[in-house]
Amino acid sequence: MPTISMFYGIIIRMYNNGEHNPPHFHAYYQGYNGVFNLDGELIEGDMPGKQKKLIAAWAVIHKDELIANWELAMSEQPLYKISPLH
């Protein structure tokens, strides 16, 4: 699963193997695993509150890029890196 961004110890990944809908990405932080929709809402798993807020803010800022990556992922194409949260 390609890493598309990393910030504040959070790793953001998205499968690019034609994965199932709804559109989402995976976030990892110190043993926590969460699945987020492209609006930055946690839809599965667990994530500490502070990191959940950082991920949500990042997703809002980069929603267009996440959508573009999802479309690439569905057609099993290489994904683009997305800028980290600063």
Is it the case that some residue within segment 61-76 is part of a loop (DSSP other than H, G, I, E, B) and of a type in the set (Gly, Ala, Ser)?
yes
Please give the number of the condition Leu72 fails out of (1) at pLDDT 95 or above; (2) out of contact with any strand residue (DSSP E or B) (no Cβ under 8 Å at 6 or more places or on another chain).
(1)
Against the conditions (1) in contact with a Lys or Arg (Cβ under 7 Å, 6 or more places away or on another chain); (2) in contact (Cβ under 8 Å) with a residue 60 or more places away in the chain; (3) not basic (Lys, Arg), where does Met14 fall short? Just the number, please.
(1)
Selection within segment 25-57 - within 17 Å of Trp70 (Cβ to Cβ) and touching a residue at least 40 places away in the same chain (Cβ under 8 Å)
Phe25, Ile55
Residues that are modelled with pLDDT of 95 or more and surrounded by 14 or more Cβ atoms within 10 Å (Cβ to Cβ): list the strands (runs of 3 or more DSSP E) wholly contained in segment 4-60 that include at least 2 such residues.
10-13, 24-29, 32-37
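The values are calculated or read from the model by the stated rules, or taken from the named source; none is laboratory data. These numbers come from a predicted model, not from an experiment. With ideal geometry, Cβ positions are generated from the backbone for all residues, glycine too; neighbour counts draw on all protein chains shown.
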